[in-house]
Amino acid sequence: IATGAAVAPQLLLKRKWKQLFDRRMILAFAVIALLLLPMCVGLYHQFGMKGLRFYFWTQSFGRITGASEWNNNPDPFFLVHTSIWAFAPWSLFFFTGWLHGLFVFVKSRFSSSRQTEIISLAGFTLVLIALMLSKYQLPHYIFVVYPLAAVIAAKCFIEAASWPRMRQVLTVLQLVILIALVLISALLQWAFKGLEPISLLCLIVLYPLTVWVAIEMSGGLKNYHTVTQYVFQRFRHFYNKMFRRKPLVSPLAVFVLDVTYHKLFYMSAVVAIIFNFLLSAFYFPEILKYQPQNDFGRYIKVNAHNNFICYHALSDFAFVFYARQTPAYSLWNRENFKKVLKEKKELIVCTSPYGLNELKADNISYTLIEERELYGISGLNIQFLNPATRHEACQKLYLLNVKLR
């Protein structure tokens, strides 16, 4: 779908009708059909035509038509504002290039004559619209067309060189984004690693080092002669314009912004790389500790054999994935718990503070395997980030070994 949404408008608007029926296209569809055949046979044998209908229609297009029961009531622009953070630090250039491309396309009355290609513009826009109509959305759904977004952002970055005022504005805003990424790194360091030496050293050293490397990689003004010559030209240009109108920006500021712009691509790239490295190596592992189902599941995989249950606690996908087994029971009733314990004699129990209090009230013997704090890590807030108030934002989750006396 994504490939067709990108290529078909280009061929139609360029009036390349024959390429729509190219023999290689027909062969490609035949290969795809052949590869899908074993899966289709399996679906048919297990579920009949209902299985095929679900796979090819209900679970995808059905989210738009209402045939699918999946509905998380998303904001209509959920995937648009998701792209602001998910595509960082290139979001600014992408959205500027995307909106400008749409404006030019509409202004040309939907003709491709003023556009060398519309594959990236059409592919991203049409897929985004289709996904925005879905009644169930998650952030990663839009990732499939981010390569097209990258083309749009790169085009905008290059074209900005021919728009002096726009280039200056984009340079300032992009620098704000890059500084924000560095500050977010510092915030996460304070929140989760503190003065831990290795992560702190990486934070302090890597950003300045890689920015310096980026400036050297991008070439540019290498000696005093070229710097002097460039500054003189910029001052002369603005001096001549002074007699016609007063410049809004000083010549020195324009010089700094112009030089920065030519370094901006490499600076953005290395800041993004270091930011993601710090997240992956230091900060995310600490944040994931507040999703204890992963670690509990690993313990259960080794130590529980059909005697793992959840008691007043949800059994989520992480438990099942890491434990490689589903809970024998998910219980919310005290009497049912006693009944299962009497049957099994020994249980590995994941429970909440409420469940633990019930065990104490019933004088049921247990051994604490591990006590952990639980937090929905996809919704970070200031209370959770602040080490002093984090415990107030978290809940407790316990893993117990319960034996019948």
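The values are calculated or read from the model by the stated rules, or taken from the named source; none is laboratory data. Bear in mind that the values here come from a model prediction, so they are computed numbers and not experimental data. Counting neighbours? That spans all protein chains shown, and the Cβs are built from the backbone with ideal geometry, glycine included. With ligands, DNA and RNA removed, areas are computed over all heavy atoms of the protein, side chains included. Shrake-Rupley method; radii C 1.70, N 1.55, O 1.52, S 1.80 Å.
Computed with a 1.4 Å probe over protein heavy atoms only, the accessible surface of the chain comes to 61 Å² per residue.
What angle do you read, to the nearest 10 degrees and between 0 and 90, between the alpha-carbon axis of helix 293-303 and the longest principal axis of the chain? Relative to the chain, helix 293-303 is tipped by roughly 40 degrees.
Each listed q (0.11, 0.13, 0.15 Å⁻¹) maps to a log10 I(q)/I(0) for the chain, found by the Debye formula over equal Cα scatterers with no solvent: -1.11, -1.27, -1.38.
Coupling constants for region 196-202 follow from the phi torsions by the Karplus curve (6.51 cos²θ - 1.76 cosθ + 1.60, θ = phi - 60°), and in residue order they are 4, x, 5, 5, 5, 5, 4 Hz; glycine and proline get x.
Length available on full extension from R405 to F47: 0.36 nm per residue minus the Cα-Cα distance, which gives 124.2 nm.
Considering only alpha-carbon pairs that sit under 8 angstrom and 6 or more positions apart, the relative contact order computed for the chain is 13 percent.
Residues in region 357-392 near a label at N72, defined as backbone nitrogen under 13 Å from the 7 Å Cα→Cβ point? Only 377-379 fall inside the zone, counting backbone N under 13 Å. Backbone amide hydrogens, once placed in the peptide plane, bring F308 within less than 5 Å of A328, I348, excluding anything fewer than 5 places away on its chain.
Length gained on full extension, K339 to L200: 44.8 nm, using 0.36 nm per residue less the C-alpha separation. Coupling constants for region 69-79 follow from the phi torsions by the Karplus curve (6.51 cos²θ - 1.76 cosθ + 1.60, θ = phi - 60°), and in residue order they are 7, 6, 7, 10, 6, x, 4, x, 9, 4, 6 Hz; glycine and proline get x. Semi-axes of the equivalent ellipsoid for region 103-186, computed as √(5λ) from the eigenvalues of its C-alpha gyration tensor and ordered from largest down, come to 26, 23, 10 Å. For E370, the residues whose modelled amide H falls within less than 5 Å of its own, excluding neighbours fewer than 5 places apart on the same chain, are L399.
Spatially, region 298-313 and region 34-100 are offset by 34 Å when compared through their Cα centroids. Only Cα pairs under 8 Å and 6+ residues apart enter the sum, and on that basis the relative contact order of region 330-405 stands at 46 percent. The modelled label-to-label distance for the pair L133/V213, using points 7 Å beyond Cα in the direction of Cβ, is 4.6 nm. Distant-in-sequence amide contacts of I364, defined by a placed amide H-H separation under 5 Å and a gap of 5 or more residues or a different chain, comprise nothing.
Judged by the ratio a/c of the largest to the smallest principal axis of the C-alpha gyration tensor, region 348-396 counts as prolate, that ratio being 1.5 or greater while a/b is larger than b/c.
What the phi angles of region 385-397 give under the Karplus curve with 6.51, -1.76 and 1.60, with θ = phi - 60°, is a coupling list of 5, 6, x, 6, 10, 4, 4, 6, 8, 9, 10, 9, 9 Hz, glycine and proline written as x. Only Lys, Arg, Asp and Glu carry charge here, each on its Cβ (+1 for the first two, -1 for the last two); on that basis the chain has a dipole of about 1440 debye about its Cα centre. Here the chain exposes an accessible surface that is 66 percent carbon and sulfur, computed with a 1.4 Å probe and the other protein chains kept in place. For region 1-150, just say rounded, prolate or oblate: build the C-alpha gyration tensor, square-root its eigenvalues into a ≥ b ≥ c, call rounded for a/c under 1.5, and beyond that prolate if a/b exceeds b/c, oblate if not. Oblate, since a/c reaches 1.5 and b/c is not below a/b.
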